[in-house]
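Enquirer: I'd like to ask you about the structure that follows.
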Amino acid sequence: MPAPTIHRLRVSDVIEETADARSVVFEIDATIRDRFAYRPGQFLTLRIPGTTHARCYSLASAPGLDDDLKITIKRVDQGLGSNWLCDNARRGVEIEVLEPSGVFTPKGLDARYLLVAGGSGVTPIMSILKSVLGAGNGEVVLFYANRDEQSVIFEEELRSLCAQHPDRLWVEHWIETIQGRPTADGLTDLFRSWDFDEVFVCGPQPFMDCTRKALSAMDFPRERLHIERFTSLGSDPFADTDESEPAPTSEPVAVSTVTVRKGGEEHTVQWPANQRLLQALDANGIVVPSSCAEGVCASCECRLTAGSVEMVNNQVLEEDDIADGYILACQALPRADVLEVEFE
């Protein structure tokens, strides 16, 4: 894949949200503002200064409503990125950043949304929530779980938004020290009391698993459930490398044919057996969502509708996802002569 465009952004403000969570605001120069146009729910990839490590952080700001970009970080025990940012980010500091990415974003803003957040998973959820209320006509139910009352991020902002939109926003807080941990059965009963068309979920893995089980018990359609997951990147996406070409070989390479459907368009291209799908598409000038290229962020998730593939690495798709045909374009190798793939 071609090397991404790297920008140095200056921190314009740091906001203490809770005792262990900070929001970092970046100022965007007018000359590059168009490069940082983003959709609600997307994220930024930062290089942690002084290291070759990169971390992804969701945007809590809302496009068209907030002038600057804001990410929110919760300190994690022995977390390289979170600890550096919480301890060292301050006004004037410059940090290398890649352009916004991610597919955890609604196609429109006029439906009825159930937004489910656990802890700092509220960050991309907040971006979606504010966008629906400020730029759309939809309705939002936010279910927000935290360890204790002191851990609630954006508490004042949520209270203000509820007052501004009493007929379009409902917030249900869940405090574990008072109510215990949520259970799938309990969430099923709770979710059944609300009407919604789309669901967006972000939080710790056990919390998201519990939410999925609750929605599954309701027979909620998988294609209308959107889950955001992050795992630390193993490689350096800021490195100047190009992996779009297959490694030289003296042996003939088998070639499959893949038809790709995306945004109402259809492309049929050749897919060499030693190339990942993302590489094959890039070689043919077909742009699809992608970010980490490691199988850990699910930005390139798509659905296999014909043929079969082998995935080299998968750290995000669940067994149910795979059973429904979902694959990662950055990790998929062809294992059939003819394949068909859809990007939602």
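The values are calculated or read from the model by the stated rules, or taken from the named source; none is laboratory data. For clarity, every value in this text was computed on a predicted model and none was experimentally measured. Note that we place each Cβ from the backbone using ideal geometry, even for glycine, and neighbour counts take in every protein chain shown.
Enquirer: Please list, ordered by first then second residue, the pairs with beta carbon atoms under 8 Å, 6 or more apart or interchain, first in the range 273-288 and acidic (Asp, Glu), second surrounded by fewer than 19 Cβ atoms within 10 Å (Cβ to Cβ).
Expert: ASP282/MET1; ASP282/PRO2; ASP282/SER244
Enquirer: With the requirement that a residue be farther than 17 Å from GLU228 by Cα and either in the same structural domain as LEU65 (by TED's automatic domain parsing) or in a helix (DSSP H, G or I) (or both), what does the range 118-137 give you? Walk me through how you get there before you give the answer.
Expert: Pass one, the range 118-137, residues farther than 17 Å from GLU228 by Cα: 130-137.
Residues satisfying the conditions are LYS130, SER131, VAL132, LEU133, GLY134, ALA135.
Enquirer: Now for a different question. I'm told ASN313 meets every condition in (1) surrounded by fewer than 20 Cβ atoms within 10 Å (Cβ to Cβ); (2) more than 24 Å from PRO221 (Cα to Cα); (3) of a type outside the set (Val, Ile, Thr); (4) touching a helix residue (DSSP H, G or I) at 6+ places or on another chain (Cβ under 7 Å) except one. Can you identify the failing condition by its number?
Expert: Condition (4) is where ASN313 drops out.
Enquirer: May I ask you to verify whether THR18 is within 26 Å of SER290 (Cβ to Cβ) and β-branched (Val, Ile, Thr)?
Expert: No; evaluated as a whole, the condition is false for this residue.
Enquirer: Something else: Which count do you get for residues in the range 21-50 that are surrounded by fewer than 17 Cβ atoms within 10 Å (Cβ to Cβ) and under 20 Å from SER291 (Cβ atoms)? Break it down stepwise before answering.
Expert: So in the range 21-50, the residues surrounded by fewer than 17 Cβ atoms within 10 Å (Cβ to Cβ) come out as 27, 29-35, 37, 49-50.
Checking the rest, the ones that are also under 20 Å from SER291 (Cβ atoms) come to 32, 34-35, 37.
The number of residues fulfilling the criteria is 4.
Enquirer: Turning to a different aspect of this structure: Can you pull out every residue in the range 164-180 that is more than 19 Å from SER193 (Cα to Cα), touching a residue at least 12 places away in the same chain (Cβ under 8 Å) and not aliphatic (A, V, I, L, M)?
Expert: GLN164, HIS165, GLU176, THR177
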